[in-house]
Amino acid sequence: MSQSNLNIKQVTCEPFQDQKAGTAGLRKKVTVFQKPHYIESFIQAIFDTLRFDKGEKLVIGGDGRFFNDIAIQKIVSCAVANKISHIYIGKDGLLSTPAASNLIRCTRSKAGIILTASHNPGGANGDFGIKLNIAPGAQANEKLINQIYERSKKITSYRIAEIPNIQLDKIGIKNFGDVRLEIIDPIDEYIELMDQFFDFELIQSHLKKKVKFHFDAFHAVTGPYAKKIFCDLLGVPQECIVNAISKEDFGGMHPDPNPNNAKYIYNLAMSKSSPDLLAASDGDGDRNMILGPGMMVSPGDSLAIMLANSVIIPGYRKGIDGVARSMPTSRAVDSVASSLGIPCYETPTGWRFFCNLLEKGHIGLCGEESFGTSSLHALEKDGLWAILFWLNMLAGLEQSLPEIVHQHWRRFGRCYYQRHDYQISDMNQASDLIKYLRQSINSLPGKSHFGSKIIDANEFNYTDPVDGSISENQGIRVFYENGGRIVFRLSGTGTSGATLRMYLDKPESEITRQHLNPNDVLSELANAGAELSRINHFTGLKNPVSII
């Protein structure tokens, strides 16, 4: 079929004014994306902004949630009409976010369109999202996101080709004129990448010593990856990989790996029959939760422990040049970086802020409090990579997970940490609360509050050390003389209302106090945060919807 024989139409439409992407793409309810012209006009805005040249390539895939297949058909039709030379699609339309990042790099594609709302619920009444990654696999930066948004507000038409429905379940090549469409299985490329960093033979040998491993895929995208890596390569019994069949509604589950949404695996870890290592990933495979007998490893502790033991992992034996954490994340990793004599960067929330540091080699490891961790191997957070890191650690140290954690606390101290989420239905109430905090922070230092003096209060602003870009108003911070810290920020990952996140952390160096209940250690800090922000006054809320 030649390009001239393709029926390409120019479809007129009214421009949309709500297509501003957030920290991880454009996220809305499925019903919004189902509006006539909505996806096509947004994709056209992306293509107009990126300006694909002849011979340039595009990667497409998603986490398999409801509307994933329909969206892919629309995007491919637009891509063919815009004469993008080569398109790669994950088999069945599935592509985990870290695998997509790797595929963009391997194929030297200009960009990737990842259809995901990450950890948000799926199904016909759930959420959907479109995320743009650019070469060599990083999330689109703020400047590009703004350019696409400005273009989307002006689009009055889009180009689309009339092509047959694509059989996403069949690996192979299809040509539409000069456009080459290739359905591929990306798992092998991902496994090759993992093999460069981890000792699969050592892990396999360790698992054979009756070391029990358990993984929950949440009926999301990582199921096929997990079966091939953990079962086929490492010999884990099939029954230890649960919820591994990808479903468009995630089997009714909320694919967010935390103790509230992963209650089954959390309760198993707390039981007498707990496996030695338990793990879960999220909708698009970029997050991870690590557990062991009687404990969950907090994301901040996990990052710190991984850095402290990185030299036993083959891919990191030469050392790590630097580490980064998002500002609200536990400060546990700071003391490890200090002991190693490497820089520890503090960035705003949003994975894209790590990308410049990774690309320029300033850091080799990074993580955030929302269960995301990764390294120089990718420009996205990577759930399965983090799990393999822990498996390799257990095998290399020949210690149990609790032994590794407790030994780490004895050496570096423990940083108690919690995140309190308040779901606010009225965005104006949330804005008023943040406005009040901004007006109050200058008057807080020097005041005694809940048994300790406030020594500093400010709003976090970030200057990127690579490109000099400035990101302002990234969270309000309050520091106490006893080491406690409170951070307030509004989350940008939801699709309605606002989520106020209040982060609490407090370091503890005394060994005898390192095994207390975080609720007991942080309760005064939590009360102080609620009082400082006047949450009840502005929202009517007395308690958070979740504590993680």
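The values are calculated or read from the model by the stated rules, or taken from the named source; none is laboratory data. Everything numeric in this text was worked out from a predicted model, so none of it was measured. Quick reminder, even Gly has a Cβ in these numbers, built from the backbone with ideal geometry, and neighbours come from all protein chains shown. Note: areas computed on protein heavy atoms with side chains; ligands, DNA, RNA excluded. Shrake-Rupley method; radii C 1.70, N 1.55, O 1.52, S 1.80 Å.
Filtered by the rule that a residue be surrounded by 19 or more Cβ atoms within 10 Å (Cβ to Cβ) and over 20 Å from Ala79 (Cβ atoms), the range 7-29 gives Ala24, Arg27, Lys28.
If I go through the range 94-119 residue by residue, how many of them are surrounded by fewer than 22 Cβ atoms within 10 Å (Cβ to Cβ) and farther than 16 Å from Ala79 by Cβ? Step through it out loud before you land on a result.
First, pick out the residues of the range 94-119 that are surrounded by fewer than 22 Cβ atoms within 10 Å (Cβ to Cβ): 105-108, 110.
Imposing the further condition that a residue be farther than 16 Å from Ala79 by Cβ reduces the set to 105-106, 108.
The qualifying residues number 3.
The one condition from (1) touching a Gly at 6+ places or on another chain (Cβ under 9 Å); (2) within 20 Å of Lys228 (Cβ to Cβ); (3) part of a loop (DSSP other than H, G, I, E, B) that Gly122 does not meet is (2).
Residue by residue through the range 120-137, note down the ones that are hydrophobic (A, V, I, L, M, F, W, C), within 20 Å of Gly252 (Cβ to Cβ) and surrounded by fewer than 21 Cβ atoms within 10 Å (Cβ to Cβ).
Step one: filter the range 120-137 for residues hydrophobic (A, V, I, L, M, F, W, C), giving 124, 128, 130, 132, 134-135.
Retained after the next criterion (residues that are within 20 Å of Gly252 (Cβ to Cβ)): 124, 128.
If the condition is that a residue be hydrophobic (A, V, I, L, M, F, W, C), within 20 Å of Gly252 (Cβ to Cβ) and surrounded by fewer than 21 Cβ atoms within 10 Å (Cβ to Cβ), then Ala124 is the only one that fits.
Which condition does His254 not pass, out of (1) open to solvent by 10 Å² or more (accessible area, probe 1.4 Å); (2) over 23 Å from the mean Cα position of the chain (by Cα), if it passes all the others? For His254, the failing item is (2). Residues that are within 8 Å of Val478 (Cα to Cα) and in contact with a helix residue (DSSP H, G or I) (Cβ under 6 Å, 6 or more places away or on another chain) within the range 441-457 comprise just one, Ala457.
Taking Asn309, is it polar (S, T, N, Q) and either farther than 23 Å from Ser370 by Cβ or more than 18 Å from the chain's Cα centre (by Cα) (or both)? Please lay out each step first, then the result.
Details: polar (S, T, N, Q): yes; either farther than 23 Å from Ser370 by Cβ or more than 18 Å from the chain's Cα centre (by Cα) (or both): yes.
Here the answer is yes, as Asn309 does meet what is asked.
In summary, helices (runs of 4 or more DSSP H) completely within the range 332-415 and bearing 1 or more residues that are open to solvent by 10 Å² or more (accessible area, probe 1.4 Å) and of a type in the set (D, E, K, R) occur at 332-340, 352-359, 401-412.
If you go through the range 40-58 one residue at a time, do you hit one that is touching a Phe, Trp or Tyr at 6+ places or on another chain (Cβ under 8 Å) and either assigned to a loop (DSSP other than H, G, I, E, B) or over 20 Å from Gln19 (Cβ atoms) (or both)? For the range 40-58, residues touching a Phe, Trp or Tyr at 6+ places or on another chain (Cβ under 8 Å) and either assigned to a loop (DSSP other than H, G, I, E, B) or over 20 Å from Gln19 (Cβ atoms) (or both): present. Across the range 502-523, the qualifying residues are those that are of a type in the set (Asp, Glu) and open to solvent by 60 Å² or more (accessible area, probe 1.4 Å), and the one among them that is nearest to Glu403 (Cα to Cα) is Glu510. Of all residues in the range 460-479, which are surrounded by 14 or more Cβ atoms within 10 Å (Cβ to Cβ), in a strand (DSSP E or B) and hydrophobic (A, V, I, L, M, F, W, C)? Ile476, Val478, Phe479, listed by residue number.
Within the range 47-66, is there a residue that is free of Cβ contacts under 8 Å to residues at least 12 places away in the same chain and either in contact with a Ser or Thr (Cβ under 8 Å, 6 or more places away or on another chain) or basic (Lys, Arg) (or both)? Within the range 47-66, one or more residues are free of Cβ contacts under 8 Å to residues at least 12 places away in the same chain and either in contact with a Ser or Thr (Cβ under 8 Å, 6 or more places away or on another chain) or basic (Lys, Arg) (or both). Quick one: is Ala124 at pLDDT below 95 and within 19 Å of Tyr38 (Cβ to Cβ)? The answer is no for Ala124.
Among the candidates Asn428, Asn482, the residue that is of a type in the set (S, T, N, Q), open to solvent by 60 Å² or more (accessible area, probe 1.4 Å) and assigned to a loop (DSSP other than H, G, I, E, B) is uniquely Asn482.
Taken across the range 280-296, residues that are surrounded by fewer than 22 Cβ atoms within 10 Å (Cβ to Cβ), closer than 27 Å to Asp199 by Cβ and of a type in the set (D, E, K, R) do not occur at all.
Please verify whether the range 239-247 includes one or more residues that are crowded, with 24+ Cβ neighbours inside 10 Å, at pLDDT 95 or above and outside any loop (DSSP other than H, G, I, E, B). Looking for residues that are crowded, with 24+ Cβ neighbours inside 10 Å, at pLDDT 95 or above and outside any loop (DSSP other than H, G, I, E, B), one finds none in the range 239-247, hence no.
For the structure I just gave you, tell me whether Ser205 is open to solvent by 20 Å² or more (accessible area, probe 1.4 Å), in contact (Cβ under 8 Å) with a residue 40 or more places away in the chain and either aliphatic (A, V, I, L, M) or over 24 Å from Leu401 (Cα atoms) (or both). Walk me through how you get there before you give the answer.
Numbers: open to solvent by 20 Å² or more (accessible area, probe 1.4 Å): yes; in contact (Cβ under 8 Å) with a residue 40 or more places away in the chain: yes; either aliphatic (A, V, I, L, M) or over 24 Å from Leu401 (Cα atoms) (or both): no.
Here the answer is no, as Ser205 does not meet what is asked.
Looking only at residues of the range 139-162 that are in contact with a Ser or Thr (Cβ under 8 Å, 6 or more places away or on another chain) and within 20 Å of His86 (Cβ to Cβ), we find that the one that is least open to solvent (accessible area, probe 1.4 Å) is Ala161.
In the range 183-199, the qualifying residues are those that are among the acidic types (Asp, Glu) and in a loop (DSSP other than H, G, I, E, B), and the one that is farthest from Ile166 (Cα to Cα) is Asp199. Considering Lys83, Lys74, the condition of being part of a loop (DSSP other than H, G, I, E, B), touching a residue at least 24 places away in the same chain (Cβ under 8 Å), of a type in the set (D, E, K, R) and open to solvent by 10 Å² or more (accessible area, probe 1.4 Å) is satisfied by Lys83 alone. For first residues located in the range 524-548 and open to solvent by less than 20 Å² (accessible area, probe 1.4 Å), partners that are among the hydroxyl-bearing types (Ser, Thr, Tyr) and lie 6+ apart or on another chain with Cβ distances below 7 Å form the pairs Ile535/Tyr422. Scanning the range 129-184 for residues that are more than 22 Å from Phe354 (Cα to Cα) and among the small types (Gly, Ala, Ser), we see that the one that is nearest to the chain's Cα centre (by Cα) is Ser152.
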